[in-house]
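The values are calculated or read from the model by the stated rules, or taken from the named source; none is laboratory data. Since this is a predicted model, take the numbers as computed values, not measurements. With ideal geometry, Cβ positions are generated from the backbone for all residues, glycine too; neighbour counts draw on all protein chains shown.
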Ligand code: SF4
């Protein structure tokens, strides 16, 4: 029997501080073993990472690097690139060198691409070992991964399940996805290779969630979460939030990729929004804003749109409330670092650390809030950088 190991019975809380104060926020994280994807730990008590995938032709290294840069700026921890051709793996070396995050090479079937990608410096190969071919080829790919310090990500997908499993189960179902994953895992384990993580994705939310739930009970490796081919920006965000969100809420998942028919940096932003909503990770400005109504003292929708656009460069976690009037404005402002509440005659109240501070006029409001947020971010960063003084000092 191969050494899969089982999920531990005593999971660790994700957010101990918050949990100790508000037990209804508890998320008990499944205890997985940790692997390394380049310098980024995945699993165990490592932060849940956010991934995306480029969509430029990989052979075009310059375009791919430019896109990687945008994804890094959005906060991507790990980025995957497709390697379907020898030209793409030839470009990979330059891409890996330029990237500031680990690069995962996405390989389907072609064992030579896997060998080339490992040699080019990929931190991880996304390849299903059961689909590589002969035993000799499998051995070669695993040896190349081991020699180059590559992790492997097994990626089972309901849309490309093995024929024998489709015949056995009649259709893609959780049991079929899990059996496929276990078959691929067995190949790696039989070769003594343990630096792997697994995904069992489907475009159907119920199927994906059930497959991950079943797999989580049977293995202790890190799980890469995703609802595949989820759709466009709005539909895909909703599906991913339900699927990935409910799994994370149940403590399952060590790294996530939101799969959208949208630019990869949008996938990263949505990934962070899911993590932020569950209090798992925070990055940048968490905006609390109202939908607006006839009571609004300023155009809430346009203001939030403009602020979200102009505050993308802020990476320090902080909160901002933008409320159209005093009905809910003061209450939300009390809970956020900076708050603005619409008032009458084009003049609005600004709150700092939950306390009323000063007024601002309509025309100056957006520039003013941007400056306040930048100043608050600098203040928080300075406090973070400050060495902790000991009692003796
Ligand atoms: S906070 Fe005021 S403006 Fe915003 S939705 Fe509520 S009542 Fe309307």
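Would you check if there is a residue in the stretch 283-299 being within 15 Å of the ligand (Cβ to nearest atom), assigned to a strand (DSSP E or B) and surrounded by 22 or more Cβ atoms within 10 Å (Cβ to Cβ)? Checked the stretch 283-299: no residue is within 15 Å of the ligand (Cβ to nearest atom), assigned to a strand (DSSP E or B) and surrounded by 22 or more Cβ atoms within 10 Å (Cβ to Cβ). Between 235, 251, the distinction of being farther than 30 Å from residue 64 by Cβ, more than 13 Å from the chain's Cα centre (by Cα) and outside any strand (DSSP E or B) belongs to 251 only. Answer yes if at least one residue in the stretch 304-314 is out of contact with any strand residue (DSSP E or B) (no Cβ under 7 Å at 6 or more places or on another chain), part of a loop (DSSP other than H, G, I, E, B), outside the structural domain of residue 157 (by TED's automatic domain parsing) and more than 15 Å from the ligand (Cβ to nearest atom), and no otherwise. For the stretch 304-314, residues out of contact with any strand residue (DSSP E or B) (no Cβ under 7 Å at 6 or more places or on another chain), part of a loop (DSSP other than H, G, I, E, B), outside the structural domain of residue 157 (by TED's automatic domain parsing) and more than 15 Å from the ligand (Cβ to nearest atom): present. Within the stretch 30-72, being surrounded by fewer than 22 Cβ atoms within 10 Å (Cβ to Cβ) and in contact with a strand residue (DSSP E or B) (Cβ under 7 Å, 6 or more places away or on another chain) holds for 31, 34, 36, 40, 45, 53.
Quick check on this structure: which one of 326, 370, 355 is farther than 23 Å from residue 276 by Cβ and either away from the ligand (no atom under 16 Å from the Cβ) or at pLDDT 95 or above (or both)? Explain how you work it out, then say what you get.
Values: 326 fails: either away from the ligand (no atom under 16 Å from the Cβ) or at pLDDT 95 or above (or both); 370 fails: farther than 23 Å from residue 276 by Cβ.
Every option except 355 fails the conditions.
Checked across the stretch 210-223, the condition of being in a loop (DSSP other than H, G, I, E, B) and modelled with pLDDT under 95 holds for no residue. The set of residues in the stretch 207-240 being crowded, with 24+ Cβ neighbours inside 10 Å and out of contact with any strand residue (DSSP E or B) (no Cβ under 8 Å at 6 or more places or on another chain) consists of 230, 240. Screening the stretch 313-331 for residues that are under 32 Å from the mean Cα position of the chain (by Cα) and farther than 26 Å from residue 74 by Cβ and picking the one that is surrounded by the most Cβ atoms within 10 Å (Cβ to Cβ) gives 323. For the stretch 36-128, the strands (runs of 3 or more DSSP E) that sit wholly inside it and include 2 or more residues that are over 24 Å from residue 162 (Cα atoms), in contact with a helix residue (DSSP H, G or I) (Cβ under 7 Å, 6 or more places away or on another chain) and modelled with pLDDT of 95 or more are 49-53.
From the residues in the stretch 371-381 that are surrounded by 16 or more Cβ atoms within 10 Å (Cβ to Cβ) and touching a residue at least 40 places away in the same chain (Cβ under 8 Å), which one is farthest from residue 336 (Cα to Cα)? Full working, then the answer.
Going through the stretch 371-381, the residues surrounded by 16 or more Cβ atoms within 10 Å (Cβ to Cβ) turn out to be 372-373, 376-377.
Narrowing further to those that are touching a residue at least 40 places away in the same chain (Cβ under 8 Å): 373, 376-377.
Details: 373: 12, 376: 12, 377: 13 Å.
Once the filter is applied, the top-ranked residue is 377.
Filter the stretch 329-352 down to the residues that are under 23 Å from residue 273 (Cα atoms) and in a strand (DSSP E or B) and list them by number. Selection gives 338, 339, 340.
The set of residues in the stretch 329-350 that are within 14 Å of the ligand (Cβ to nearest atom) and in contact with a strand residue (DSSP E or B) (Cβ under 7 Å, 6 or more places away or on another chain) comprises 329, 330, 332, 333, 336, 339, 340, 341, 342, 343, 348, 349.
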